[in-house]
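Trainee: Before we start, here is the structure in question, set down as structure tokens.
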Amino acid sequence: MSPERKLRVLLGKPGLDGHDRGIKIIARGFRDAGFEVIYTGLHQNPEQIVNAAIQEDADLVGLSCLSGAHLYLFGEVVKQLRERGAGDVTVIVGGIIPAEDVPALKAAGIKEVFFPGTPIQTMVDWVKNNVKPL
Amino acid sequence: MFDKKTLDHSQEGSSRRQAAENDHHTGHPAEKPAAGNPPNSYATVSNLPIKPLYTPADIKDQDFAQDIGFPGEYPFTRGVQATGYRGRLWTFRMFSGFGTAHDTNQRWHQLLRDGETGLSTAFDFPTLMGYDSDSPRATAEVGKCGVAIDTLADMQTLTGGIPLDKVTTSMTINPPASVLWAMYLVAAEKQGVPWDKVGGTIQNDMLKEFIAQKTFMCPPEPSIRLISDTVEFGTKYVPKFNTISISGYHIREAGATAVQELAFTIADGIAYVQDVIDRKKMDVDSFAPRLSFFFNSHIDFFEEIAKLRAGRRIWARIMQERFHAKNPRSLWMRFHTQTAGCSLTAQQPYNNIVRTTTEALAAVLAGTQSLHTNSLDEVFALPSDFAVNVALRTQQIIAEETGVINTIDPLAGSYFVEALTKEMEEKTLEYIEKIDKLGGMLSAIDRGYPQMELSNASYEYQKRIDSGERGVVGVNRYKTEEAPLTGLLKINEKVHEEQIKNLKHIKRVRDNRQVLKCLLEIKLACRSDKNVMPFVIEAVKAFASEQEICDVYRDVYGEYRDPGYF
Amino acid sequence: MENNLTEKIIRGDVRAAAKLMRGIEDNLPEATDELQKLYPYTGKAFIIGITGSPGVGKSTLVDALITSFRQRQMTVGVVAIDPSSPFTGGALLGDRVRMGKHNTDAGVFIRSLASRGWAGGLARAAISVMYVMDAMGKDVIIVEAVGSGQGEVDIRRLADTTIVVLAPGMGDEIQMMKAGILEAADVYVINKADKDGAGILKTQLEIMLGTKTDYQNEWKPLIVPAQALHGKGIDELTAALLQHKDYLYAGAEIMRRRRERAKLELAAAVEHSLRNHVKMILESEELNTLADNLAQRKTNPYLAAEQAVHKAMGKFREC
Ligand SMILES: Nc1nc2c(ncn2[C@@H]2O[C@H](COP(=O)(O)OP(=O)(O)O)[C@@H](O)[C@H]2O)c(=O)[nH]1
Ligand SMILES: [Mg+2]
């Protein structure tokens, strides 16, 4: 047998803001890096994102939020993943996030926070170094 | 535009310059490369190639009277006002709103004391999307990105102590624009200000939402219908109000090039004008003078100036040739400008002041009617008081110290600026033609055409930055280790509770039978071709909440969902 | 993988099922074992295949069909296939965007698959993933193929009922007709019926179907106009699908179709198995010996290959 493992990444935008420029750039960048990217679309609540992540067996969930509701929304996704027995899924986030919120996000179980201006390659490298197919 | 001697002369000069450049590339010692990082390619931020030198030859086909002309005269390339900024300075309008209506009202009073001359409202996401503060979808979003408005009571608090006959207010609101506008009009009425004295702007531009910003509620077709209702109502009863602010700002922020921003915005404008004419059988000159525009001023100084100048010329021609407008005011492209949020960086945030200044200057040199300057910390959060103040002062310095306002359209006649203006115009017209071929903007959106154009442009742009082809100071050039910015604005988590409490109270004390009756009437109006506005105004007066009214829209028209075009 | 995985899956455990699907996709050996245990629990679901050019509205239609089946108290599985990039191997799987509202419905399981180089509009794992959903007890499974104009044949072999979606203004109606689509569908959907040209398209299709008389069986394809985006025509479509299902079960047709699918499965399984053998041979020690012999001209490539395959087959029979 010859396993052919591919990284599966689910990208979601929880909450009500519709600024999807960033997440779409990342989706294309990740695809071009050879990942399989599942995009959930806008205006999804944490439960919808978590269910999709589980059904898709995502190794990585990437979330973007520019509305200021990130602490709650990101935290909910991690919490619900854990409740559903999928706490091993890596969660990374980006958006308009004050640096002072980073410790709280990390404490909530978010692995990495990417700020505006991060090159795609930096994110791709981070993923390759930190996430393996589950 | 020039005689043969001048053109010959230009030609010779260009050849001499080319020879000098060739020498330079072959290692001629005369010209040393400048310090720092020279760009890898000489192109605008939109990747439009720029020539090393512009001469009369580059604008020889332009006709002074037809293409450039005078301010206040067709085709308005040089501005819509004959008197430029001597007649009236642009409006200093700072976008603001956060927390409760009370919080925002306080900041507004502060801004007016500081010399701001117009108000501009940022609403929170639940309000923008037509949800009340007590909706489960509003969790953690109430008051975060703007002010939360649920009912007329909130609107009255928001405008408390502000003379609505003297100060104009711009409201960045789209799917529920009819509702918020109704609240504003009723609030004015309760202040004793008649509607014909109330001025301001509702953004009310849904097409750019489908294209770029993605704050949507109902599908495009009924969304347009609601917009035409507001245009009709405004024309009849609120003649000083701009009922649509046709916006390129968000299109640009979503990754468009300068040309795409201009082209899609104008194509949106065409769709609105056409719909009002077709649906309402209104004369174009009766409503077109109240259409206003809203553009982005990005970091590429001359490209932005050229874009805005070209925009005025294109719009004037379209209004005259396509819609046969006769009133000169119908031909005016009046616009508000905001500096580019997307040009700001999280790295070395104080540099953002310089970016904003440059962008603001471009907007002023292009003759904007109104300006918002971004605050240096907007990449992290809503702006702090300090940052807002610096941004406002930036405008004041430009207006009062730099002298750029002394003469009208000072860059006119520049070989480069006029050539670039023309190029912007031609490229924009190509796009507009393409959209016409697709059956107009609604049909183009349905096919995902503008959405995909943006998605491609933004990805290409990111790749140019990532590869270092395009320099961004602090991001891919001159990087430094730095401490995070502190003193950011924090939204009090109590806001949510307070909003819910107030809303509950109102729902208890109002006449619920009256509310239901009003909502039913809105529903009937939605199903017919009656204008919904009078019914929305009645509902608002009865303290129907924003969501209650929007739920009627959603119920009748259905909900639009993100098609997720890449 | 855990021992009680089969049990978990037939009880409807989403995470367990998703893990197995992943194992199948990634070609993990234990996944094949597990699938074999699950096999007896499959064969109950009604399988609908959907194909048509990109952008005709397949995913939107699936979204509407999910709603419709759920209203009929039926549980639904969806396998949505999008192409992998031939250059990077990556994929952007966006079909789910249109089905977002079902994300919180426990009666719906949506799985996106990248084609991973598999031709014919499907993915190698598609059938197996479908079977996992089947074993979970999903009443209906909808498979959305990559619309390529080529995948119709494969999807027809996979599904009980095949829908071909057409829409006006896509510019490829004629193309699709030429590509043998006329043999493919049990039900045609003329989607985007809200647009100009839908009526003409329907008439064109009717004429083309009308001139074709040699239906191998009595089923004459149905044409259903719809507006997937606005939920219109969906009840009619669901009714047409169920009507076709009744037709299949009324006669021998269902067996004929399932035999077709079995052939497809067998072909995939054989290819899978052989590919593994090829790999085994190419990575074996003997290959080195054979290569030495060959280099010294003690043998010729054809004979060497025969020997290697023969030997591998022997091993194959043992296991
Ligand atoms: N006008 C109209 N557009 C539709 C209809 N159904 C789907 N669409 C649109 O067609 C586009 C492509 O739809 P999608 O389901 O992704 O197509 P797929 O590529 O075949 O899966 C989307 O923008 C849909 O909103 C319809 O009935 N009418
Ligand atoms: Mg699809």
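Trainee: Quick one: length gained pulling residue B:106 to residue B:3 fully straight, 0.36 nm per residue minus the C-alpha distance?
Mentor: Contour length minus the Cα-Cα distance gives 31.0 nm.
Trainee: Let me ask you something else. Any chance you could run the full-extension gain for residue B:43 through residue B:114? It's 0.36 nm times the residue separation minus the Cα-Cα distance, nm to one decimal.
Mentor: Residue separation times 0.36 nm, minus the Cα-Cα distance, leaves 21.6 nm.
Trainee: What helices does chain B have that are whole DSSP H segments, at least 24 Å long along their own axis by Cα, and with mean Kyte-Doolittle hydropathy of -1.0 or more?
Mentor: B:220-237, B:258-280, B:301-321, B:415-437
Trainee: Now a separate question. At most 14 other Cβ atoms within 10 Å plus a DSSP loop assignment makes a site exposed; report the longest stretch of chain C without any exposed GluC sites (Glu not before Pro).
Mentor: The reported range is C:3-217.
Trainee: Another question about this same structure. Below 11 angstrom from the Cβ of residue C:28, what's the summed charge of the other residues (Lys, Arg +1; Asp, Glu -1)?
Mentor: Residues near residue C:28 contribute -3 overall.
Trainee: Follow-up question, since we're still on this one. Residues of segment B:325-359 with amide nitrogen under 15 Å from the 7 Å Cα-to-Cβ point of residue B:404?
Mentor: B:337-340, B:353-359
Trainee: Something else about it: What lysines sit close enough to residue B:4 to cross-link, taking a C-alpha to C-alpha distance under 24 Å and skipping anything fewer than 8 places away on the same chain?
Mentor: B:51, B:60, B:422
Trainee: Using only Cα atoms, tell me the angle between helix C:198-210 and the longest principal axis of chain C; keep it within 0 to 90° and round to the nearest 10.
Mentor: 70 degrees
Trainee: On to the next question. From the C-alpha gyration tensor of chain B, pull out the three semi-axes of the equivalent ellipsoid (sqrt of 5λ each), sorted largest to smallest, in whole Å.
Mentor: 42, 27, 22
Trainee: With a Förster radius of 45 Å, plug the Cβ-Cβ distance of residue B:554 and residue B:426 into 1/(1 + (r/R0)^6) and report the FRET value to the nearest 0.05.
Mentor: Efficiency for this residue pair is about 0.60.
Trainee: Here is a follow-up. When the Kirkwood radius is taken over all Cα pairs of chain A, what Stokes-Einstein diffusion coefficient follows at 10 °C and 1.306 mPa s, in µm²/s?
Mentor: Using the Kirkwood radius from Cα pairs, D works out to 108 µm²/s.
Trainee: Residue C:286 to residue B:24: FRET efficiency via 1/(1 + (r/R0)^6), r the Cβ-Cβ distance, R0 60 Å, to the nearest 0.05?
Mentor: Calculated transfer efficiency: 0.35.
Trainee: Here's something else I'd like to know. Cα-based Rg of the protein assembly as shown per 2.2 N^0.38 Å, rounded to two decimals?
Mentor: 1.03
Trainee: Helix-only mean residue ellipticity at 222 nm, the protein assembly as shown, DSSP H runs n ≥ 4 weighted -39,500 (n - 2.57), per residue, nearest 500. What is it?
Mentor: Mean residue ellipticity at 222 nm (helix-derived): -15000 deg cm²/dmol.
Trainee: Quote the FRET efficiency, to the nearest 0.05, computed for residue A:82 versus residue C:44 with a Förster distance R0 of 35 Å and r equal to the Cβ-Cβ distance.
Mentor: My answer for the efficiency is 0.55.
Trainee: Residue C:189's amide H: which non-local residues (gap 5+, or another chain) put their own amide H closer than 5 Å, with H modeled 1.01 Å from N in plane and none for Pro or chain starts?
Mentor: C:164, C:165, C:166, C:224
Trainee: Tilt of helix C:58-71 relative to the longest C-alpha principal axis of chain C, in degrees (0 to 90, nearest 10)?
Mentor: 70 degrees
Trainee: Can you flag which of A:79/C:8; B:236/B:437; A:128/C:263 are past 29 Å Cα-Cα?
Mentor: In this structure, B:236/B:437; A:128/C:263 lie more than 29 Å apart at Cα.
Trainee: Let me know the volume per residue of the alpha-carbon convex hull for chain C, in Å³.
Mentor: Looking at chain C, the number lands at 169 Å³ per residue.
Trainee: As a quick test, which of the pairs A:13/C:138; C:279/C:311; C:58/C:202; A:111/B:479; B:144/B:507; C:58/C:232 have an alpha carbon distance above 20 angstrom in this structure?
Mentor: From A:13/C:138; C:279/C:311; C:58/C:202; A:111/B:479; B:144/B:507; C:58/C:232, over 20 Å: A:13/C:138; A:111/B:479; B:144/B:507.
Trainee: May I pose another question? Modelled label-to-label distance, residue C:87 and residue C:262, 7 Å Cα→beta-carbon offset: nm?
Mentor: 4.5 nm
Trainee: Using a 7 Å offset from the Cα along the Cα-to-Cβ direction at both residue B:15 and residue B:326, what is the distance between the two label points in nm, to one decimal?
Mentor: In this crude label model, residue B:15 to residue B:326 measures out at 5.4 nm.
Trainee: At q = 0.31 Å⁻¹, work out log10 I(q)/I(0) for segment B:338-392 with the Debye formula, treating every Cα as an identical point scatterer and leaving solvent out; two decimals please.
Mentor: Summing over Cα pairs of segment B:338-392 leads to -1.30.
Trainee: With both bridge residues required to lie in the protein assembly as shown, what share of the DSSP beta bridges run antiparallel, to the nearest 5%?
Mentor: Here the antiparallel bridges make up roughly 5 percent for the protein assembly as shown.
We did not get these values from a lab; they are worked out from the coordinates using the rules stated. Note that the coordinates shown come from a computational prediction; the quantities given were computed from them, not determined experimentally. All Cβ positions, even for glycine, are placed from backbone atoms using ideal geometry, and neighbour counts span all protein chains on display.
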